1. Segment 161-177 to segment 371-431: how many Å between their Cα centroids?
2. If Lys and Arg each add +1 and Asp and Glu each add -1, what is the summed charge of the other residues whose beta carbon sits under 15 Å from the beta carbon of Pro448?
3. In terms of modelled amide H atoms, which long-range or inter-chain residues lie less than 5 Å from the amide H of Val505?
4. Short version: ³J(HN,Hα) in whole Hz for each residue of segment 347-354, in order, from phi by Karplus 6.51 cos²θ - 1.76 cosθ + 1.60 (θ = phi - 60°), x for Gly and Pro, what are they?
5. Using a Förster distance of 35 Å, how high is the FRET efficiency between Gln310 and Ala213, based on the Cβ-Cβ distance and rounded to 0.05?
6. Go through segment 96-202 and name the trypsin sites (Lys or Arg not before Pro) that are in a DSSP coil and have 16 or fewer other Cβ atoms within 10 Å of their Cβ.
7. Whole-Hz Karplus ³J(HN,Hα) for segment 186-203, in order, using 6.51 cos²θ - 1.76 cosθ + 1.60 and θ = phi - 60°, x for Gly and Pro?
Amino acid sequence: MGERARHLMPSARQSRITAGRLVRGGLAMVTAAVLATTGFGWWTLHGMLSGITVSQALGADAPHSTGSAVNILLIGLDSRKDQNGDDLPQDVLDQLHAGDSTSGGYNTNTLILVHLAEDGSVQAFSIPRDDYVSVKGIVPGYDHIKIKEAYGLTKADEAQKLVDDGETDQATLEKEGREAGRKATLAVVRALTGVPIDYFAEVNLAGFYDVAASLGGVEVCLNHAVHDDYSGADFPAGRQTLDARQALAFVRQRHGLDNGDLDRTHRQQAFLISVIHQLQDSGSFSDMGKLNSLMGVARKDLVLSSGWDQSLFRRIGELSGEQVHYQTLPVVRYDTVYGQDVNIVDPAAIRALVTTTFDDPSAVPAPVVAPGDVIVDVVNASGVRGLATETSNILTHKGYHEGDLSLGAHGDAPATAVEYGTGGDSAAQAVATVLDIAVPPKPASDLPPGRIRVVLGDGYSLPTDVASLATAPSGGEALGIDVGSSDDPAPDQGLPISGGETPCVN
């Protein structure tokens with residue numbers, strides 16, 4: 001693995017934990033609920049949405065959920081800059097205790113994948129920011145990174161390409177760089193979870209403080225009294241109302257908590273539940289003055305993917321707290337990779353958990369396809385001699401039948417991809433996992449059922465631990481890391497949290 005591929009951004013366990021990362025993704029759901037429950041009609045909704053930044057990062061050809069189920073990715077961006085790339089005012093940074101504009105970069109320190117089911121229930125998975133994931137074929141120049149880094153690394157790469165092409169306008173560099181970062185984040189989350197994303201919403205650092213301050217205090221509940229000099233958290237056990245500054249300390253604290261970041265994730269979930277309840281109870285959804293104030297925050301701090309409409313906003317606004325259930329994606333163990341603290345995860349287990357949790361109980365399960373029933377063609381467009389043969393050998397060791405091996409034109413090398421014929425999506429994903437290809441597989445009309453085509457694009461290299469891939473199952477091993485190498489118990493991601501009342505957390 002090259003030096004760039006080895007690179008990881010400075011670990012949050014070793015750097016200052018920044019304020020306000022909790023609900024920045026959840027603010028989007030709050031705003032959606034505000035809009036949906038006002039009842040002012042489409043013309044009001046349309047007027048309020050004007051001025052909110054709309055992103056085209058999902059793309060028209062992105063895979064979508066079937067039926068009426070909807071998946072929404074909430075992104076909390078840890079940036080000290082506004083939508084134009086300008087520094088946040090110093091007085092705002094002082095209130096946030098967030099350092100200057102050079103801190104934080106463009107990490108996505110909050111990622112929450114929300115599933116609105118056909119039966120009206122809601123399942124939400126928090127994705128721990130330090131999950132060590134494959135980004136080969138998604139983030140240029142990198143094999144594996146912390147999931148939070150996909151946005152910032154891709155943004156920087158895209159901006160540099162534009163500069164190299166002669167672009168000098170900073171607003172254009174910021175806009176195009178962020179769009180590339182969003183596309184990468186969406187692709188990595190799709191690859192990790194195995195489900196499509198229909199919509200997304202992004203909120204920056206200042207958005208949390210703006211909403212928390214507008215509520216005049218947020219109720220939380222702690223199982224135990226806590227005191228932490230690092231974050232400034234100093235609270236008794238039980239229910240209590242925190243002002244905006246205290247709320248920041250509440251969600252920043254990691255030291256002194258049994259499960260560190262995972263316990264802090266539970267605080268994010270609990271705080272989001274409390275914010276939504278308080279907005280409902282305070283009359284903000286029907287008070288035009290309060291509504292305009294909240295929409296001012298949304299216009300300043302919020303980005304929505306294209307396609308958000310009155311129907312979706314109303315659907316979100318009609319949800320009751322009891323319908324929402326939060327979980328945290330499982331972590332196999334904590335580890336150190338190239339000197340940085342990371343969460344080792346098992347992608348295969350995560351995909352199984354998410355797809356099972358999100359699945360419509362009335363749907364017919366997709367058939368499980370045995371490798372022996374699948375033929376895999378390999379196209380080598382990487383320019384690396386013999387790579388198609390080596391790749392095919394790995395797949396035959398896994399039980400797949402060797403198909404056609406061919407060369408692609410390196411000068412016009414297509415991106416690394418896995419394509420499949422009718423009904424072959426699950427088998428294609430299994431092949432992609434074996435080969436450590438993070439880009440989601442896509443259908444190809446020229447392939448018959450039972451046939452898969454692997455295209456090895458420019459820059460592709462085989463997984464580092466080829467020998468183990470020939471005999472070991474897919475999943476965490478596809479990262480080149482033995483997910484079972486530690487005798488320590490798996491980190492406790494905790495029980496699911498429901499949204500009926502503000503839950504008590506550690």
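Every read-out reported here was derived from the displayed coordinates using simple, explicitly stated rules and does not represent laboratory data. All of these numbers come straight from a predicted model, not from anything done at the bench. Using ideal geometry, Cβ is built from the backbone for each residue, glycine included, and neighbour counts are taken over all protein chains shown.
1. If you average the Cα positions of each part, the centres end up 36 Å apart.
2. Details: positive: Arg451, Arg453; negative: Asp373, Asp377, Asp404, Glu419, Asp425, Asp446.
Taking every Cβ under 15 Å from that of Pro448, the sum is -4.
3. The list, which skips near neighbours in sequence, is Cys221, Leu222, Asn223.
4. Computed from phi, the couplings for segment 347-354 are x, 5, 5, 5, 4, 5, 5, 5 Hz.
5. Calculated transfer efficiency: 0.75.
6. Sites meeting the loop and neighbour criteria: none at all.
7. With coefficients 6.51, -1.76 and 1.60, one gets 4, 5, 5, 5, 4, 5, 6, 8, x, 10, x, 10, 8, 8, 9, 9, 10, 10 Hz.
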